[in-house]
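Below: the structure, in structure tokens.
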Amino acid sequence: MSVNRDSSIVARSAGLEPDGEGASTEQLAEAQRQLDVTFPPDYIEFMAYANGAGGFIGEALLYLYRLERVVERNLEDWEAGFPRHYVEFGSDGGGEAYVFDKRGEGAARIIQKPADSDDPADAIPVGATLAELFEFVRQGAGLGPLE
């Protein structure tokens, strides 16, 4: 898959350092099949550009896991009894996970939740796209109260 480096989602990722070459169309399709999920189109576009990334968006840290880690981690978690409707794909490096919530129709919705909790009451809705996640992080929406 050829990705325009000037595309909107790549431009919005300023501050993130790509973690190597992008994932192939085949790798992305296989990951969606294995995880029984439909990734948002801009997540697919970003992962084709950079198979994972990490760094700062605004003042907040964001890690997007490599596709191989997304598949391996979630398959292991499901085998251990974690809910199959969650697909963890990133984190803030401080205990909060970014997760595709597969419940519902169409592409999965993105939520933020404590990495150690699967209680739906702990989940914060982020949006339907990677662009919305970037804006959520940039605005500090996921940050708890400052002490």
Problem set entry | Evaluation of residue 121 against (1) under 24 Å from residue 45 (Cα atoms); (2) part of a helix (DSSP H, G or I); (3) among the hydrophobic types (A, V, I, L, M, F, W, C) (one fails), failing number | (1)
Exercise. Can you name the residue in the stretch 100-118 that is of a type in the set (A, V, I, L, M) and assigned to a strand (DSSP E or B) and is also surrounded by the fewest Cβ atoms within 10 Å (Cβ to Cβ) among such residues?
Worked result: 111
Exercise. Does the stretch 47-56 include one or more residues that are closer than 26 Å to residue 25 by Cβ, surrounded by 15 or more Cβ atoms within 10 Å (Cβ to Cβ) and out of contact with any Leu (no Cβ under 9 Å at 6 or more places or on another chain)?
Worked result: yes
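Computed from the coordinates by the stated procedures, all read-outs in this text should not be read as laboratory data. For clarity, every value in this text was computed on a predicted model and none was experimentally measured. All Cβ positions, even for glycine, are placed from backbone atoms using ideal geometry, and neighbour counts span all protein chains on display.
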